[in-house]
Amino acid sequence: MKHPSAQLTDLLQHNSVSPRDVGLLRRVASGLDLLADVSHSDLLLYVKSGDAALILAQAQPTSVSPIYQDSMVGQAASRHSDPTIHKALFHSKMLHAARGHIIRGAPTIQDTYPVHNAQGELIAVLSSEMNILEYERRRKKSPILRHAITRLHYHILRGGLQGPDQLSRIGENSATMVIDTDARILYISSLAEQLYRKLGYTTNLLGRRLSELDTNEHVCFKAMERELCLQHKIEEHNLVWIKWVVPLPAEPPHTLLDRLLRRERQVGIALVMIQDITEEYRKEQVLRVKSALIREIHHRVKNNLQTIAALLRMQARRTGSAEVLDMLKQSINRILSIALVHEFLSRSGPSEDDTSLISIKEVTQRIVSEVTQGILDPIKSIHISLEGIDIWLPPQQATSCALVVNELLQNAVEHGFETKNEGTIKLFLREEADQAVIEVVDTGQGLPLQFDIDRDGSLGLQIVQTLVREDLKGSFTLRDTDGVSARVSFPRPSLAEP
């Protein structure tokens with residue numbers, strides 16, 4: 001799902017929101033992902049659209065399972081379909097802990113929050129919906145944490161939070177702390193205590209200042225000083241953490257937190273979330289090293305193949321037989337086609353599933369260049385072109401495709417224009433249903449009469465048949481047109497393009 005602030009662009013053009021309020025709504029939407037993750041709630045931002053309430057933005061929590069699985073943006077709620085939202089938006093009757101709301105068979109708690117502009121006018125309503133079990137869990141949390149979440153609502157709905165859209169999503173199993181402007185720990189979750197215990201802090205940290213700890217808390221001080229949401233990856237001894245820090249400046253006095261701290265003055269606080277990514281980080285390091293080794297192996301294989309090709313070229317220059325020369329040239333091109341795939345693999349980045357994808361269009365273009373420079377007679381006017389979409393394949397299929405393209409291209413050059421001095425060879429890459437199609441069409445002299453590929457086909461065509469049938473599990477056909485059309489089709493693997 002798109003970031004909530006990105007969801008506003010089209011919808012703002014089709015409702016009654018004043019242009020002066022657009023900036024505020026964008027700032028509100030920019031903090032919804034953060035608020036959804038911290039509050040464990042699904043969030044829907046409504047504005048007036050005629051007599052209905054239009055969902056302008058949506059945020060789903062990643063810290064818990066979301067209530068709404070699909071996007072709700074753009075949907076409208078009428079007075080009958082959602083009376084709670086209608087009352088809040090059109091009559092300013094904000095309802096909290098509204099019961100009886102059943103979604104996907106589970107009861108939920110719905111809170112509504114007003115969004116006012118600088119003139120005090122109600123311009124939007126935020127609906128926060130939470131599974132009732134999650135609501136009961138949060139109700140039992142520390143009052144300080146609950147108030148910090150309330151204050152987060154306060155600042156986001158006023159568009160006053162700086163940089164929330166620059167934070168990555170906060171997943172489940174993240175530890176939480178609340179600190180004050182002196183970096184004193186006001187609240188620490190049991191999971192956060194466990195993390196610090198791994199660093200040797202076995203006593204209760206509640207009430208201690210972060211400056212007293214022998215840990216990297218620079219991001220906390222920096223975020224508090226700048227009043228800017230920040231996150232940072234930190235290595236603590238043999239552990240790797242991500243810390244999110246959300247500074248929450250002071251509200252007007254007489255808040256719940258002020259009373260809990262027995263302070264008369266206003267108090268600034270910050271939410272600190274910590275996630276231990278040590279295991280993931282170590283796996284990433286291993287993957288990076290493994291990937292570098294694999295790339296180096298592919299690079300060396302490519303170099304070795306090119307060395308073999310160079311030796312064959314030397315041998316070709318020494319032979320006095322035209323037939324042997326032709327066989328050596330064909331072998332050189334086949335070797336270089338395989339080397340080309342290894343070159344692409346040597347440049348590919350790390351992959352968690354060890355599956356690198358190769359661009360067949362790029363490989364084909366390189367083969368066209370090799371054939372043009374290597375075997376195309378410069379006296380003849382033959383133009384080779386490549387058209388169509390890109391096709392991405394795993395290494396094994398890419399190698400087979402490279403060999404197939406090389407053989408078909410060589411076959412078109414050598415046999416299609418044996419007695420003709422001009423014409424075109426066009427290569428097409430396309431998809432048909434779930435099939436990938438490679439077609440080589442030339443305007444050469446065509447197939448001999450009563451041509452039978454099994455009886456009359458060259459070694460190159462036999463190689464193509466074997467590769468298509470055995471490796472690609474596809475089909476290969478040759479037919480006469482104004483020259484020859486060679487068509488290869490095979491099932492395209494269901495792999496995402498990079």
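In the range 99-191, which strands (runs of 3 or more DSSP E) lie fully inside it and hold 2 or more residues that are not assigned by TED's automatic domain parsing to the domain that holds Asp214?
106-116, 122-131
State which residue pairs qualify: first residue closer than 19 Å to Lys48 by Cα and inside the range 67-85, second residue charged (D, E, K, R) and assigned to a helix (DSSP H, G or I) in any location, beta carbons under 9 Å apart, and separation of 6 or more residues or different chains.
The qualifying pairs are Gly74/Asp10; Arg79/Lys87.
Condition check ((1) outside the structural domain of Ile338 (by TED's automatic domain parsing); (2) at pLDDT 90 or above; (3) closer than 20 Å to Gln365 by Cβ) across all residues:
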{"position": "Val441", "(1), (2), (3)": "yes, yes, yes"}
{"position": "Asp454", "(1), (2), (3)": "yes, no, no"}
{"position": "Gln465", "(1), (2), (3)": "yes, no, no"}
{"position": "Gly474", "(1), (2), (3)": "yes, yes, no"}
{"position": "Gly483", "(1), (2), (3)": "yes, no, no"}
{"position": "Arg487", "(1), (2), (3)": "yes, yes, yes"}
{"position": "Ala496", "(1), (2), (3)": "yes, no, no"}
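Would you list the strands (runs of 3 or more DSSP E) that sit entirely within the range 348-466 and hold 2 or more residues that are buried (at least 22 other Cβ atoms within 10 Å of the Cβ)?
Result: 422-432, 435-442.
Please enumerate the residues belonging to the range 428-452 that are closer than 28 Å to Pro493 by Cα, touching a residue at least 24 places away in the same chain (Cβ under 8 Å) and hydrophobic (A, V, I, L, M, F, W, C).
Residues satisfying the conditions are Phe428, Leu429, Ala436, Val437, Ile438, Val440, Val441.
Would you check if Arg27 is out of contact with any Phe, Trp or Tyr (no Cβ under 7 Å at 6 or more places or on another chain), in a helix (DSSP H, G or I) and at pLDDT 90 or above?
It is true that Arg27 is out of contact with any Phe, Trp or Tyr (no Cβ under 7 Å at 6 or more places or on another chain), in a helix (DSSP H, G or I) and at pLDDT 90 or above.
Given the condition among the polar types (S, T, N, Q) and within 28 Å of Asp480 (Cβ to Cβ), answer yes or no: does some residue in the range 341-362 qualify?
no
Condition (residue is within 17 Å of Ser381 (Cα to Cα) and small (Gly, Ala, Ser)) applied to the range 476-490: is it met by at least one residue?
yes
Taking Ala148 as the residue in question, decide whether it is touching a Phe, Trp or Tyr at 6+ places or on another chain (Cβ under 9 Å) and on the phi > 0 side of the Ramachandran plot.
Considered against the rule, which asks whether it is touching a Phe, Trp or Tyr at 6+ places or on another chain (Cβ under 9 Å) and on the phi > 0 side of the Ramachandran plot, Ala148 comes out as no.
Which one of these is closer than 18 Å to Ile156 by Cβ, surrounded by fewer than 13 Cβ atoms within 10 Å (Cβ to Cβ) and at pLDDT below 90: Ala118, Ala97, Ala88?
Ala118
For the range 175-224, give me each residue that is surrounded by 14 or more Cβ atoms within 10 Å (Cβ to Cβ) and among the hydroxyl-bearing types (Ser, Thr, Tyr).
Passing the criteria: Thr176, Thr181, Tyr187, Ser189, Tyr196, Tyr201, Thr215.
Show the residue pairs meeting these rules: Cβ distance below 6 Å; 6+ apart or different chains; first residue within the range 314-328 and not assigned by TED's automatic domain parsing to the domain that holds Asn411; second residue loosely packed, with under 14 Cβ neighbours inside 10 Å.
Leu325/Thr319
With the checklist (1) modelled with pLDDT under 85; (2) surrounded by 23 or more Cβ atoms within 10 Å (Cβ to Cβ) in hand, flag the one item Ala53 doesn't pass.
(1)
The values are calculated or read from the model by the stated rules, or taken from the named source; none is laboratory data. Computed from a predicted model, the values in this text were never measured in an experiment. Neighbour counts run over all protein chains shown; Cβ positions are idealised from the backbone, glycine included.
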